[in-house]
Structures are given as C-alpha cells and as structure tokens.
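For reference, the structure discussed in these notes is given below.
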Amino acid sequence: MFYQVIHTHTHASCPARNPEMAEQFSTWWETFKQTDGIRLHVGAVAPVPHTFYLFVETDDYSALVRALAWLNSIGSGDIVPVVPLDLGMGMVREGVYYADK
C-alpha cells in the first residue's frame, strides 16, 4: 500500500536550527531509508513552511508509525493512504466512485 506522509514542525523545533538536532535528524533519515518493510519512493522538503513530504510503500502500517516516531517528536503529521493515479483512473472507469453503483 502507498502512503503520503506529511510532516510539519515550527521554526522553533526545526532541526536545521541546531547542530545537535540536525545530527539527530540525519541519523533518523538514514535509518528511515533502510527500515525493513518500508520502501521510500520520494522524500522532499518545503523549507519555508517547515514541511516534509514522504511517499512510501509498505504493507506494515505499524512499522511506518514506529519509523516516524522521532520525526513526530519534533512536530506533527498525517499519514494518508493513496493509490497510484493509473490505478485511480482504472477505478473511475470501473465506476467505483459512483454512489448508485
């Protein structure tokens, strides 16, 4: 299953503001990328709004939540299940989204 992870933190809790936190973030990031059962497709950052976007694939939601624990300690986020657009378009053609079907 695919998930879009959106994490935000404040300017005050930004890991880039403090060398110790930057090192902790770097360690977390390298560990996250190697987490068994989680495939990271894309990791991106929007620096001004202090927001990270991760597009991941996993069949183990609990492992994903555990792997995000450090990140959530400095802010908050959402984990949104998503489907690839081609699959979503196939669902449209099948009428999945029609209430009367």
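The values are calculated or read from the model by the stated rules, or taken from the named source; none is laboratory data. Model, not experiment: these values are computed from the prediction. A quick note on method: Cβ atoms are made from the backbone with ideal geometry, for glycine too, and the neighbour counts reach across all protein chains shown.
A few comments on the model shown:
- Selected residue (criterion: nearest to residue 15 (Cα to Cα)) from residues of the stretch 62-74 that are in contact (Cβ under 8 Å) with a residue 24 or more places away in the chain and out of contact with any strand residue (DSSP E or B) (no Cβ under 8 Å at 6 or more places or on another chain): 74
- Residue within the stretch 53-60 that is touching a strand residue (DSSP E or B) at 6+ places or on another chain (Cβ under 8 Å), of a type in the set (A, V, I, L, M, F, W, C) and under 16 Å from residue 75 (Cα atoms) present: yes
- Candidates in the stretch 48-74 are the residues that are among the acidic types (Asp, Glu) and in a loop (DSSP other than H, G, I, E, B); of these, the one that is farthest from residue 28 (Cα to Cα) is 59.
- Filtered residues of the stretch 1-60 (kept if charged (D, E, K, R) and under 13 Å from the mean Cα position of the chain (by Cα)): 33, 39, 57
- Among residues of the stretch 86-101 that are of a type outside the set (A, V, I, L, M, F, W, C), those with a beta-carbon under 8 Å from a residue that is surrounded by 10 or more Cβ atoms within 10 Å (Cβ to Cβ) and part of a helix (DSSP H, G or I) at least six positions away or on a different chain give the pairs 97/91.
- The stretch 1-30, residues that are touching a residue at least 24 places away in the same chain (Cβ under 8 Å) and of a type in the set (Ser, Thr, Tyr): 3, 8, 10, 13
- Single residue of the stretch 75-101 satisfying the filter (of a type in the set (Ser, Thr, Tyr) and assigned to a loop (DSSP other than H, G, I, E, B)) that is farthest from residue 8 (Cα to Cα): 98
- For the condition aliphatic (A, V, I, L, M), surrounded by fewer than 14 Cβ atoms within 10 Å (Cβ to Cβ) and touching a Leu at 6+ places or on another chain (Cβ under 8 Å), residue 48 does not qualify.
- Verdict on residue 45 being of a type outside the set (Ser, Thr, Tyr) and not in a loop (DSSP other than H, G, I, E, B): yes
- Scope the stretch 15-39; condition assigned to a loop (DSSP other than H, G, I, E, B), surrounded by 12 or more Cβ atoms within 10 Å (Cβ to Cβ) and modelled with pLDDT of 95 or more; matching residues: 35, 37
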